[in-house]
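Colleague: One structure coming up, written as structure tokens, with questions to follow.
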Amino acid sequence: MSWRTLLVLGGAGSGREAFAESQLDQAAPVRRPTPTSGDGLAALAAQIAQAEPGENLLVSDLTSWLPGGSAKLDSAELTELVAAIGPGPGQLVLVSAEVGLSTPPTTAANRRLAQLLGEVNQALAAAADAVVLVVAGQPSWLKGGTVPEAGWRTAGATSVTAGAPTATAAPPATATATAASAAGLSQLAALPAPDAEAKAAAGDRLAALGPIALGELVRVVQFAAGAQGTADPTPWQRARVLVLNGAHQGGASAGPTWAAQRAAALRAGTDPLARLAAPVAASVQLVDAAAAEPIEDGPAMPEPQVEQALARGWELAERAADDGVDVLVLASIGDGAESAAAAVTAILAPSTEPAALLARVRSEQGLIDDEAWMLRCATVRDAVHRTRGGGRTVGRPLLAQLGGADLAIATGLLLGAAARRTPVLLDGPVGAAAGLVARNLAAAARHWWLLPDAGAHPLVTRVQDTLGLKPLFDLRLELGEGAGALAVLPIMQTGLFLATQLQPDVDPAAEDDAPEPSPPAAS
């Protein structure tokens, strides 16, 4: 990469924010300065100047730093900002609206804002190492930089073939896919429901097998019947594991951190998830998410970025369905993600103490790390108290306050999968917490999820009742989120296979339609 400072310009809905995120998706850590009341360009300059060694900055909306009302642009502040974006310790990406691409302003206030933003854009463009204009999702480099050979990727996803030594990049999201995701997220009330008649008919058919019984696997067959819309569902043909990797800074990730090690193992095909995916021919996709800010101090992410993360998850579900995937497994390896999930759950599952939702923290030697666990508990407690006090305790605002990008992506994935009638196997705290948020946004979505194994995690045990999900097994595996679902997937496939092979002697539907026998004639 040939730049240190990059100015990204684009109109509304152009994809400028997604492109800016993609330029730093391999950089860590990334800080996102956000203005408070009264902050202007001088405050932004100060935040940029305070960047620590190795820290990268993403300023997502320059408009929010401009003076409001009738105040004029302070040339000294602009000069200070231009000086601040000079030599620094890390990369700096600035995102701004290109006012010439929007509808001409009709009010004096809007005309003045357009003029101010134009002045700022010109000054920053002259000082930045590189400038790119994003139109309809396509970047055009105006200054510096290099043109990507095969486009840029917004999903931040890497496809991992189980057991393979190398990873391949997932195809980039298109402007059409982004627009479709936004449209779907605006119509959550229209999410489809599984086929209730097919589900009931599958149960009736299995009940007519006489002495043969599939036990708990009947629920798997009925679940698949509702999703496939037939009383004779077939085994799933193509599974995909989506592994979220988003770090949560602050006390949420107290103790040992494993994400980098596990991500490398996934790419090499040696992680337990990859090992378990191989026998069932499941593809594994590693999805990197932006790091979340410390939730004990403030929001995990700016609210404007929540919709983008939801759309990203929705696009992952859309892409999976387009690839022929007929069942998804949701997993997570992010450092501190469990703490964020606990904070979200403490809000959405009433009368729940945060300490009761967090599993014990283990050291590298396998010993219990009580100090790290207590710090995580205190972090979740403080974050929950802060969020309840602000009243932002539902849906999108809750994801911004406590969840972060990875939980928002997981939520969007669950909603998008429901829209495409794709079942999802939940297994772990991040999936369970995302399920609570998704149900909060669209109650019908929960009918597309199955909980194969309760595991040993206290959060999952708490959430299963709230979501109405009864686990099939209780293996208590501790191999990481998603591993339990993959471990029992062959058993579920066996149930579906047997259901296709075993046929009752009498068709229950035909038996129901048979005429009632005539009463005997009176003698």
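The values are calculated or read from the model by the stated rules, or taken from the named source; none is laboratory data. Bear in mind that the values here come from a model prediction, so they are computed numbers and not experimental data. Cβ: placed from backbone, ideal geometry, glycine included. Neighbour counts: every protein chain shown.
Colleague: Where the second residue is among the β-branched types (Val, Ile, Thr) and assigned to a loop (DSSP other than H, G, I, E, B) and the first is over 16 Å from Leu316 (Cβ atoms) and lies in segment 423-440, which pairs have Cβ atoms under 8 Å and are six or more apart or on separate chains?
Modeller: Qualifying pairs under 8 Å: Asn440/Val394.
Colleague: So which residues in segment 198-230 are in contact with a strand residue (DSSP E or B) (Cβ under 9 Å, 6 or more places away or on another chain) and either assigned to a loop (DSSP other than H, G, I, E, B) or over 24 Å from Val325 (Cβ atoms) (or both), if there are any at all?
Modeller: Within segment 198-230, Glu216 is the sole residue that qualifies.
Colleague: Separate question: Inside segment 435-473, can you point out the residues that are acidic (Asp, Glu) and touching a helix residue (DSSP H, G or I) at 6+ places or on another chain (Cβ under 6 Å)?
Modeller: If the condition is that a residue be acidic (Asp, Glu) and touching a helix residue (DSSP H, G or I) at 6+ places or on another chain (Cβ under 6 Å), then Asp453 is the only one that fits.
Colleague: Turning to a different aspect of this structure: Step by step: first the residues of segment 186-197, then only those that are part of a helix (DSSP H, G or I) and aliphatic (A, V, I, L, M), then the one that is surrounded by the most Cβ atoms within 10 Å (Cβ to Cβ). Which residue is that?
Modeller: In this case the residue turns out to be Leu188.
Colleague: Against the conditions (1) touching a residue at least 24 places away in the same chain (Cβ under 8 Å); (2) over 23 Å from Ala418 (Cβ atoms), where does Gln261 fall short? Just the number, please.
Modeller: (1)
Colleague: Would you be able to say whether some residue in segment 377-392 is of a type in the set (Ser, Thr, Tyr), in contact with an Asp or Glu (Cβ under 6 Å, 6 or more places away or on another chain) and part of a helix (DSSP H, G or I)?
Modeller: yes
Colleague: Here is a further query. Does Leu9 satisfy the condition of being farther than 26 Å from Pro294 by Cβ, in contact with a strand residue (DSSP E or B) (Cβ under 9 Å, 6 or more places away or on another chain), modelled with pLDDT of 85 or more and assigned to a strand (DSSP E or B)?
Modeller: In short, yes.
Colleague: Out of curiosity, is Phe473 aromatic (Phe, Trp, Tyr) and in contact with an Asp or Glu (Cβ under 6 Å, 6 or more places away or on another chain)?
Modeller: yes
Colleague: Which number in (1) on the phi > 0 side of the Ramachandran plot; (2) free of Cβ contacts under 8 Å to residues at least 60 places away in the same chain marks the one condition that Gly324 misses?
Modeller: Result: Gly324 passes all but (2).
Colleague: Would you pick out the residues in segment 415-459 that are part of a helix (DSSP H, G or I) and under 13 Å from Ala331 (Cβ atoms)?
Modeller: Across segment 415-459, the qualifying residues are Pro429, Val430, Gly431, Ala432, Ala434.
Colleague: Can you tell me which residue among Leu330, Leu348, Leu316, Leu276 is buried (at least 24 other Cβ atoms within 10 Å of the Cβ) and farther than 20 Å from Pro452 by Cα?
Modeller: So the residue among Leu330, Leu348, Leu316, Leu276 that is buried (at least 24 other Cβ atoms within 10 Å of the Cβ) and farther than 20 Å from Pro452 by Cα is Leu316.
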